[in-house]
1. Among 209-215, 138-144, how do they line up from the highest to the lowest mean number of other beta-carbon atoms within 10 Å?
2. Using R₀ = 56 Å, calculate the FRET efficiency as 1/(1 + (r/R₀)^6) where r is the Cβ-Cβ separation of V213 and K68; round to 0.05.
3. What does the extension gain come out to for R155 and E99, with contour length at 0.36 nm per residue minus their alpha carbon separation?
4. May I ask you to list the lysines whose Cα is less than 28 Å away from that of K23, ignoring any residue fewer than eight positions away on the same chain?
5. Rounded to the nearest 0.05, what FRET efficiency do E193 and K253 have when you use their Cβ-Cβ distance and R0 = 41 Å?
6. Once each part is reduced to its C-alpha centroid, what is the distance from the stretch 193-246 to the stretch 85-135 in angstrom?
7. Suppose R0 equals 45 Å. What FRET efficiency, 1/(1 + (r/R0)^6) with r the Cβ-Cβ distance, do A87 and S172 give to the nearest 0.05?
Amino acid sequence: MNAVVRALFDDAAITGAQAAGLKDTSTAAMRAAVREWFELFFMREAVKGKDEDPAQRIPYTITNKLTKACFAEYDSSFTENGTGKTAWLDGQRSLIDAEKQDVLQWVMVGGEGFLKPAPDGTGRLAYHVVRRDCYNVLARGPRGITDVLMSERSRAGSDYYTLLERRTVDGSGYLTIRYNLYVSENSSTLGHEVRLDSLPQYAALAPEHTYSVPFGGLGMTYIRLPMANNVDGSPDGVSVYEGAVQLIHNIYKNEYQLGREFELGRSRIVAGSDMLMTPGPEGGVMRLKDDVFVGLDGDASVGMTIFSPRCGMRALSGASRAI
């Protein structure tokens, strides 16, 4: 499982929200959906216990093709030979352009995300994508998210560091940012809190800062897919392939089964489904696992038929010659 997903959303792990004594406003169904979207996206090989083969990498293919289509004729430039403020704005536009494909892909995977400006150490701004699996929504207001807890994971030596950044905007529009740094010996938990200067890149951060000028927001650009939430009906965004999640699992299961039959030469026994039921130890019904047996419902006279990849390919070859 992706380490950031586990650190933020896995009920079996100590999450950022739990460590800070906070509550994620997303429902259990929504958190489970986010886990599943990112697990499918990152899945590269068969997962133990799931009997699925992700060789087709369907989520990646979907988001990659859509991203290419969106930006095939894209041009965001708005000025030529600008000076002063106009030149500065055009420079920021260019920096955002450099991240546009990553932003769109991660928003399509997670349904929503942030584009976050931050100093790059040279006096300029750099823009970073904050994926949906990298933050917890702690509060929402009439105009959107008002309290968010973000996570940034890094590694130094054998230790895993997690920076938690909480951004809260009050009713008057004033933004407060808080930082906490944790270190752990493994990637599945946050571990214990340490000083911010434990890592050089965080040494200049203040544990808490409230801006003297009202921002009116979180200081980041919020991006959400314009799709209705079919997970729980909440304001949370949903993945572009949410409606095809079960279909993707079915395709991966078929891929796994075909791979086992044709690569290992296993035979498959086709039998009437009533033949696969045996009495359980307590008088109930116990079904054999669909590993070697495939049940056909509705026809008790089907008997048992052996299919092997070798014989099946011969039959197909003969049929093609006849055609």
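1. 138-144, 209-215
2. Calculated transfer efficiency: 0.90.
3. 17.8 nm
4. Cα-Cα hits under 28 Å: K116.
5. After rounding to 0.05, the efficiency reads 0.45.
6. Using only Cα atoms, the two centres lie 12 Å from each other.
7. 0.85
No value in this document is a laboratory result; all are computed from the given coordinates. Given the structure is predicted, the values throughout are model-derived calculations rather than measurements. We place every Cβ from the backbone using ideal geometry, glycine too, and count neighbours over all the protein chains shown.
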